[in-house]
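Visitor: My questions will all concern the structure given below.
The values are calculated or read from the model by the stated rules, or taken from the named source; none is laboratory data. Note that this is a predicted model, so its numbers are computed, not measured. Every residue, glycine as well, gets a Cβ built from its backbone with ideal geometry; the counts of neighbours run over all protein chains shown.
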Ligand code: PEP
Ligand code: MN
């Protein structure tokens, strides 16, 4: 069950509700959103019904939710949400009606490479710059990212190019520094079930891009999102990036059905990463078309000025010569599904 407080509810009224729940043996998770406070209740549902929470001062209404994820569910918030990132002049929405392209290099390597990749991202109509300063590599011997120096490069490129940045955080201990620089924190596939990291990201005061674990069910992915939401942060964007199957012809298998399924179960925006799912640049455009066709709210695309020299994931990065075809496809698909997409025309 979720208790939705009035916008004008006082702290004392919120505590009274929480105390009544804990006094009855339940647990109360308080989420303070921008406009109102919500209290998620964990425990015996029938029992809560007897507590008279609906009539308590400051309570707007209560909602019974039987799924194991609550705050991110459609029961709690029937309309689809839009998540905003950035501030001032560089604010970007991700949600219904828009096709938000996030693009950039897989990894931040040098200031010049990142700036050039950001220029390619702009040509692709990206309104968010992606790039990893902390890289979760499968091999411990592979390039692990530039760390804080990479964050500084991203911040410099943001000032020059004017795009908000999304960048990955791989360790709860780094959440604070990454949140200082980033406009959105990315949690990668390998960390989807790192609950301490999810909680730390949920408390960082920045939107979170949550990739689906490569072997996670949609329900597990939504429960991971709930860990972030429970910390009072509902600015979460889900990212389908391909799952592990028996197929080896692609890096991962893009689970295209996950987009409408997750959107039906959750109010959160859902985007697709066609780069990490296919693993090859020639698959990026067809997978992107499919993603837009099934209703994805955005795309997360690897671009690189010199893919052949990329330190990470060069095979899947689009280069300058790939952008004309890709933007044409996205213009066409966005108009078919009625979403705005702002790439400059070729
Ligand atoms: C990435 O986007 O840079 C990345 C590492 O992706 P994933 O976590 O999906 O492998
Ligand atoms: Mn990558």
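Visitor: Does the stretch 212-224 hold any residues that are away from ligand 2 (no atom under 16 Å from the Cβ), outside any helix (DSSP H, G or I) and buried (at least 20 other Cβ atoms within 10 Å of the Cβ), and which are they?
Guide: Step one: list which residues in the stretch 212-224 are away from ligand 2 (no atom under 16 Å from the Cβ), which gives 215-224.
The next check asks that each one be outside any helix (DSSP H, G or I); those that pass are 215-217.
Residues satisfying the conditions do not exist here.
Visitor: Quick one: which residue in 86, 104, 95 is at pLDDT below 95, within 29 Å of residue 326 (Cα to Cα) and buried (at least 16 other Cβ atoms within 10 Å of the Cβ)? Steps first, please.
Guide: Details: 104 fails: at pLDDT below 95; 95 fails: at pLDDT below 95.
It is 86.
Visitor: Oh, and also: Suppose we filter the stretch 226-264 for residues that are free of Cβ contacts under 8 Å to residues at least 60 places away in the same chain and not in a loop (DSSP other than H, G, I, E, B); how many remain?
Guide: Looking only at that region, the number is 11.
Visitor: While we're on this one: Looking at 73, 66, which is the one that is at pLDDT 90 or above and either farther than 30 Å from residue 160 by Cα or crowded, with 20+ Cβ neighbours inside 10 Å (or both)?
Guide: Numbers: 66 fails: at pLDDT 90 or above.
That would be 73, the only listed residue that is at pLDDT 90 or above and either farther than 30 Å from residue 160 by Cα or crowded, with 20+ Cβ neighbours inside 10 Å (or both).
Visitor: I'm told residue 128 meets every condition in (1) under 18 Å from residue 309 (Cβ atoms); (2) within 13 Å of ligand 1 (Cβ to nearest atom) except one. Can you identify the failing condition by its number?
Guide: Answer for residue 128: the failing condition is (1).
Visitor: I've got another one for you. Could you please find all residues in the stretch 16-45 being assigned to a loop (DSSP other than H, G, I, E, B) and either on the phi < 0 side of the Ramachandran plot or under 23 Å from the mean Cα position of the chain (by Cα) (or both)?
Guide: Taking the stretch 16-45 as the starting set, the residues that turn out to be assigned to a loop (DSSP other than H, G, I, E, B) are 24-26, 33-36, 43-44.
Correct list: 24, 26, 33, 34, 35, 36, 44.
Visitor: For the stretch 163-197, name all the residues that are surrounded by 15 or more Cβ atoms within 10 Å (Cβ to Cβ) and assigned to a loop (DSSP other than H, G, I, E, B).
Guide: 163, 164, 169, 170, 182, 183, 188, 192, 193, 194
Visitor: I've got another one for you. Pairs, please: C-beta under 7 Å, at least 6 apart or cross-chain, first residue more than 26 Å from residue 144 (Cα to Cα) and in the stretch 310-327, second modelled with pLDDT under 95?
Guide: What qualifies is 324/346; 327/343; 327/346.
Visitor: Further question on the same structure: Among (1) within 16 Å of ligand 2 (Cβ to nearest atom); (2) in a helix (DSSP H, G or I), which single condition is residue 321 missing?
Guide: (1)
Visitor: When you check residue 209 against the structure, is it in the same structural domain as residue 106 (by TED's automatic domain parsing), over 21 Å from residue 105 (Cβ atoms) and in a strand (DSSP E or B), yes or no?
Guide: no
Visitor: When you scan the stretch 47-157 for strands (runs of 3 or more DSSP E) that lie fully inside it, which ones turn up with 3 or more residues that are without any contact (Cβ under 8 Å) to a residue 60 or more places away in the chain, in the same structural domain as residue 32 (by TED's automatic domain parsing) and over 27 Å from residue 14 (Cα atoms)? Break it down stepwise before answering.
Guide: Values: elements: 59-63, 83-87, 90-94, 100-104, 126-130.
In the stretch 47-157, no matching strands (runs of 3 or more DSSP E) lie anywhere.
Visitor: Looking for whichever is touching a residue at least 60 places away in the same chain (Cβ under 8 Å) and either over 17 Å from the mean Cα position of the chain (by Cα) or within 15 Å of ligand 1 (Cβ to nearest atom) (or both) here; the options are 344, 307, 269, 274. Which one fits? Quick ask: steps written out before the conclusion?
Guide: Details: 307 fails: touching a residue at least 60 places away in the same chain (Cβ under 8 Å); 269 fails: either over 17 Å from the mean Cα position of the chain (by Cα) or within 15 Å of ligand 1 (Cβ to nearest atom) (or both); 274 fails: touching a residue at least 60 places away in the same chain (Cβ under 8 Å).
Answer to the check: 344.
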